[in-house]
Each structure stands twice: as C-alpha cells, then as structure tokens.
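Asker: Before anything else, here's the structure in question.
The values are calculated or read from the model by the stated rules, or taken from the named source; none is laboratory data. Just so we're clear, the structure is a prediction, and the values are computed from it rather than from any experiment. Using ideal geometry, Cβ is built from the backbone for each residue, glycine included, and neighbour counts are taken over all protein chains shown. The protein model used for the area step is the full one, side chains on, heavy atoms only, and it has no ligands, DNA or RNA in it. Shrake-Rupley method; radii C 1.70, N 1.55, O 1.52, S 1.80 Å.
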Number of protein chains: 2
Amino acid sequence: MCFLRIIQFECKDTDKKLLFNLWSSLKYTNFNATIQSIDLMKKSIFLFSFLVIVLNCKETGEHQAVESDSDSGHIIDSSNEKAEFSIVIHGGAGTILKKNMTPEKEAAYKAILEKSIRTGYDILKNGGTSLDAVTKTINVMEDSPLFNAGKGAVFTNAETNELDASIMDGKTLNAGASAGTTNVRNPIDLARAIMDNSPHVMMAGNGAEKFAEEQGLQLVDPSYFYTDNRFNSLKRAKERETIELDHDDKSAFYDPTIKDYKFGTVGCAALDKNGNLAAGTSTGGMTNKRWGRIGDAPIIGAGTYANNATCAVSSTGWGEYFIRGMVAYDISALMEYKGLSLQEASKEVIQNKLTKLGGTGGIVAVDNNGNVAMEFNTAGMYRATMNDKGELTIGIYKK
Amino acid sequence: MCFLRIIQFECKDTDKKLLFNLWSSLKYTNFNATIQSIDLMKKSIFLFSFLVIVLNCKETGEHQAVESDSDSGHIIDSSNEKAEFSIVIHGGAGTILKKNMTPEKEAAYKAILEKSIRTGYDILKNGGTSLDAVTKTINVMEDSPLFNAGKGAVFTNAETNELDASIMDGKTLNAGASAGTTNVRNPIDLARAIMDNSPHVMMAGNGAEKFAEEQGLQLVDPSYFYTDNRFNSLKRAKERETIELDHDDKSAFYDPTIKDYKFGTVGCAALDKNGNLAAGTSTGGMTNKRWGRIGDAPIIGAGTYANNATCAVSSTGWGEYFIRGMVAYDISALMEYKGLSLQEASKEVIQNKLTKLGGTGGIVAVDNNGNVAMEFNTAGMYRATMNDKGELTIGIYKK
C-alpha cells in the first residue's frame, strides 16, 4: 500500500496523460521490427497501462469514500509535518444545540475545556509523558460537575453513581481499566494504577475499590458524586422510563446541554516529545442504568486505544455500539492494515461504519505524527486541541 | 487488494519471465521511430515492469510471513470449497502435556468434547442457527466439571466462583456479555439473554444476576460451583501466593492437566446453513483472582467476535494479553482489511502478534466459507471440530 501511495501522490495528475500519449504513439507509430514483437509489446504495454490506471482508480476511490462530505467534526491534519507533541480532549458528544445553551453556560464549558487541555499541554511542553498528560488532563474534567465523569457522574437506577475509566500506553500496549466503582474520586487514576501496579488490565466493583484503597488512591464518600442536576435527570428519566428503549432524538431531555442520557464522557489522547502515544477515558455511564451495565469507556479497544505504531483514541457515545464496532481499535487497524491516515480512518469508522450500525457519538485521536482528529456524527461534541506551537482550538457544535 | 490478488494468482509464475523478455526486446530491438518517443516508451515500460514486480513481491512477501513455520495448532482450511455448515470448539489452552495425563482422564476429556460438539453439529445439521449451536454446545461444557466454566469454575481469592461469558451474532453484530456472576448456572445463557432481550451489551455482578432472574434463567446456590479439585487448586495457589506474579512456566501446578491457573475456558464458533456466523466463550476466570479482575472472556473483540463478512472467533488464554491485543477482532480485521485467509490471520495474530506481546493461549475460529482454524502457542489446547460431512477431529496436544 505504501508503494501505491507514492505512485498515487506523485503521479496521479500526470499518469493518465502519460498513458494516453503512450498508447497513441503505439497506435500510430510504425516500427521497423518484427510484427510479433511489436504485437507482444503493444499488448504488454496496454496491460501495464490498464493495471496502473485501475490501481490508481481503486486507490483514489478509497480516498474519495472517506473524504466525502460528512457530518465530520473538526479535523486538524497537517500530514507533512511531524509535531513535537500534541494533545486533544473531549467532554462528551450528543445532541448539543446552541439553542439550548446560554452564553454563561457555554463560557463555563469552554473555560473548563481550556483549563483541562492546558494542564496536559504544560506537561507535554515540559517534556512530561503522554500518560501523565492524559491522566492529569482527565483529572481536571473529572473534578468538574459539568461533565459526566468523576464529580459530575450521572445516577444509576438504584440512585448510586458507578464510574468507569480506562487508559492505554501506546509504547508498551499495556492498559488499565476499572468498572462500576462508587468511592474512587478519580477513576482515571485507578485505571492508571491497575495498568502500572497490577498484573491485570480490568477490575470491577468492590474488588476494584479494594485495589484502589491498597494503592492509596483518594477515596470519597459516595455522596461526593451527588449533584442536584444529575439527580434531577435521574428523576425525570425514571418518570418517563424511556431508558434506552427510545432512539436518540426521541429520548427525553435529561441534560441541559447534551440532550441525551446515553452520552457524556471525558477523554484525552496525547503524543509526547519522546514519540509516545497515550489515551484515556472516564465516565459516569448512563443515567438510570441498571443491571450492572458496563459501557465502552472501560473496554480497551472500544473506549480507549493507543499504539505508537498508529494512533491514540478516546471514544464517547452510545457505548453498546462502540463495543460492537471496536471503535477505538478499528481506527488503528485501518491505519495499520489499510494504510489510511488518521483522518481517513476516523471518518470511515465514525461516519460510515458506526453510523451504518446505528451508533452515535464521536472520538478524539492523535497519530504518531501529532495529527489530530475530532470526529463525531452527533449535533455536537465538547472538544479542544492544542498543538506544539501553543495554538488552542475549542469546539462544541458541529459547525 | 482484490485486484492485486488476481494478478498474483494468475500471473505470478509468468510475469517475471514476460517482463524479462519484454525488457530484452526493448533493449535489443531497433525501432524506426523518433529517438524521443522510443526513449519515453522504454522508460515507461521499465517503470511499469518495476511496478508490477514490486507489487507482486510485496504481496508474496506478506503471504510468506504468515505462512512460515510456527507452533501452529491444527488447521482445517479447504479454501476452495464452501461448507454447508461448520463448528469448532475449545476447552482451554495451556501447558497440557501427555505425561501429566492418564488414559482415563484423556478419554474423559475426549468424550465430553465429542458430546459437546455433536450437540452443536446436530443443531446445525437440522437447520438450526449458529447462535443456538454455540449456546447449546457451550452448555454441555459448562455442565461438566472438567472445564473451567460453569460447574467446573475455579475459585477466587475470596473462595467464591465468579463467572464470565460472552456471545456475538455475526449477522447483526449484536453481542451480549456478563461478568462476575455467582449464581447463574449457565453464564452463556445470560450473555445470550443480554444480547437478545436487553439494550445493553455487557452487565456485571449483582446487576447481571438480577437481570438473569428477571429473564427466568436457571439460578443455583453458589455452592453448586464447588468442586474439590478447584478448591484444592485455590488452596495450593494461596499457599504459594504466586498469583500472576510469576510467568507461565514458573507458575505452580494448579490443574492436573492445564498446568497453569490462568487458563481454561470453553468456547465455540459456528457457521450455519444460512451462512450466519456466531461465537461464544464462557469461563470461571483465574484461580485465586482478586480485585474483581475481569479477563478477556466477556470482552467483545478480545474473547469473542463474529461477523458474517469475515469469521467467528472464541479465545482462551492469558486474558490480559488477549484484551491488549484485541485478539478475536484482530483476526477479523486482518481478513477484512488485508485480505488474509482465516488461517493466515489466525497464525499472524497468535504466533506473531500475541507471542511478541508475551501472551499465551489460543483461538478456535470458523470463516464464512466454513473453514476452521484452531491456533495456539501453548503446549496444548482441548479442541474439536466437525464439518458438514460429519467428520470429527479431536485434539489435545500440539502435535
């Protein structure tokens, strides 16, 4: 594929003309040679011409498919330049519409997005690791009541808060994840401890809380996660009892800004100065969830994936579809196995594959050159990115 | 890739000769035409020749890489024929050595493997679905104390049995998974109910048990899962306290046949007469596990994956590595994105990628033509397969 790429990029504007001229000259030139060898040569040249055209068309076709107009989010992809470091975050995707937002609320979201990403940016700028940048950036969002993670976690049907998180190290492909904890203040720290200090990748429930205690992580009374806003959302959800039976747009309005109880998660992906990628995701799950439901956030490959060979990805959206589509890993697989760029792979997975499956949500991702993708098929996604020049981009709505 | 394949298969024995002849004729033939056009033509032909050779070499190289000698298990891959239906099972992989096995024990394992697979075979032969075949086949193994699933589940550090399972439908890409249940007799039935009767993919712990109750699944007293054999294994594990801190070969001998406490899981993959694929996996987890550890068995994409476009896969092995490697989905991705056969993709993932990562275990898989793979990098894997002609193959050791 690599070779094809070179041909495509270097020849695509000229090759068809070249072939046409060549074919014409073959057709109309009289050679002083045996008829047989001329015939063989004509056929061979035509075969090769055909081959090159078909290959180029096929390649170009693939590119068009993923570059076609879509509900794409903001994509920053300066493929020709390798960034020294790079960071991107999301604070959840869903039916986020400007008409439901006050200027004050919008400013509050933007402020916390900026505070979060600057935390990671400073770490990366000072030579820190992408793992530290991801962890500390997510901590800021976990400590804010605005996002459905940490302090702002939504309530389960049993009026508890059960939090999930995961993190992955692109250098070692090591990973950590926790599911359904109720008293760990910053679940991303627990995911990190599981990765760094245990032989396991995933822990759940009381067992995970016990490990958090052994690791000396900050525990809180479960009431720490109480917020009026989230509790009211649960009450409304219970009143209507529409949990997950309705589709996105039909669902009740449980969040003042994300018009769906399925969404809201925070995540971060980063590239550090040593070329190491990392990604992490943290969530409070789904309002009114029951039966110990686990979404995609703590599932490596679905909610989070990082691999220095390709990219680092954090997902947010309707978790069930992200699990079935292996969304985070699928972006990496398309880059590794089909040679797609981060931008192409992200579009293909979110706008084509996930959408066809019926799923909604988005991802933020960074590749090993520091290119960033923020792709979603919902009305909005809280998002921000900073490059190594310190340029900040913040977005909420689609356009 | 498809086009390249055609070229490779149809021309690879002749294209280099053709190109050589062509190049020779170009070199030694005098044309009665303008020097310029001949020069252009020579250059162009050489460029095309080079292109075709490089492309063919690259393709051939890829094939060689995955077809190289390996510690492969048994592979039945009759690519030219499409089977009407097909089924394959595993009962765990690990350090299974003939020297540790009595003839009686070996016969017992073979008998239950045969009973299990004939259950699924009969369903498929009678036109039943692959989902039913997978579920019922796994039920037989879950009800046997010989395998680490259902009745034979191993004990956690807290002297409980916490069971995991997952299932996936290749037609719809729907999936169900349960983690850490203690009173559901057949966890694969719970995974199936989650897939069929809930909006969720994954449930855990008490919540999952509550759902099982609501669904009318057979619940048992947790003591149902008690077996002397597994309890003794736990005692030995605790005495040595080597849990997961040691590597495979250094670990204590906790199972009379699978010489490692990390292994032992059951799984099944099947293709039915309607061309639908399905896969399922069920396990008791890891002896002496704590902290609510979740392995790969209930993780869609790691322990189980099915997609009618490619294949159905069930994994068994050191779960942490199977999660990090997204083993089940990765086989499908290599088929879909790189055009590898099931056999090539399975070898690449188990013998190359998983092994490099440091992981041990295996998979059973069937593709949408009914070809079967049983690939592992351990000393043995309990396994069996039956084709649509009723031919049965049972294996335990590597050779």
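Asker: What are the label-to-label distances in nm, one decimal and shortest first, from B:Asp143 to the same spot in the other copies, with labels 7 Å along Cα to Cβ?
Answerer: 5.7
Asker: Right, here's the next one. If you roll a 1.4 Å probe over region A:174-238 with all protein chains in place, what percent of the accessible area is carbon or sulfur?
Answerer: Ligands and nucleic acids excluded, carbon and sulfur reach 42 percent.
Asker: Can you list the distances in nanometres, one decimal and ascending, from the A:Gly216 label point to the identical position in each other copy, with the point 7 Å along Cα to Cβ?
Answerer: Nearest first, the other copies' label points are 5.5 nm away.
Asker: Given 0.36 nm per residue, what is the gain on full extension from A:Phe231 to A:Glu104 after removing their alpha carbon distance, in nm?
Answerer: Contour length minus Cα-Cα distance gives 43.5 nm.
Asker: Next question, about the same structure. Along Cα→Cβ at 7 Å, what distances in nm separate the A:Ala108 label point from those on the other copies, shortest first?
Answerer: In nanometres, ordered from closest: 6.5.
Asker: Please compute the Cα-Cα pair-distance distribution of region A:107-253 with 5 Å bins starting at 0, giving whole percents from short to long.
Answerer: With a bin width of 5 Å, the distribution comes to 2, 10, 16, 18, 18, 16, 11, 6, 2, 0, 0.
Asker: Cα-Cα pairs above 19 Å in region B:328-399: how many percent?
Answerer: 36
Asker: Using only Cα atoms, locate the centre of region A:365-399 and the centre of region A:147-220, then give the distance between them in Å, rounded to an integer.
Answerer: With region A:365-399 and region A:147-220 each reduced to a Cα centre, they are spaced 25 Å.
Asker: Also, quick follow-up: What list of whole percents do you get for P(r) of region A:141-228, with Cα-Cα distances grouped in 10 Å bins up to the one holding the largest distance?
Answerer: 20, 51, 25, 4, 0
Asker: Starting from the amide H of B:Thr181, placed 1.01 Å from N in the peptide plane, find each other amide H under 5 Å away whose residue is 5 or more places distant or on another chain.
Answerer: Amide H to amide H, under 5 Å and 5 or more residues apart or across chains, B:Thr181 pairs with B:Leu163, B:Gly205.
Asker: On the first, second and third principal axes, largest extent first, how far apart are the outermost C-alpha atoms of region A:82-397 in Å?
Answerer: Largest first, region A:82-397 extends 52, 44, 37 Å along its Cα principal axes.
Asker: Distance from the Cα centre of region B:296-325 to that of region A:99-126, in angstrom?
Answerer: Rounded to whole Å, the Cα centres lie 38 Å apart.
Asker: Something else now. As a quick test, which of the pairs B:Lys171/B:Lys356; B:Lys356/B:Lys399; A:Lys99/A:Lys398; B:Lys273/B:Lys389; B:Lys110/B:Lys151 have an alpha carbon distance above 24 angstrom in this structure?
Answerer: B:Lys171/B:Lys356
Asker: Can you give me the relative contact order of region A:283-399 as a percent, contacts being Cα pairs under 8 Å and 6 or more apart?
Answerer: Normalised by residue count, the contact order of region A:283-399 is 19 percent.
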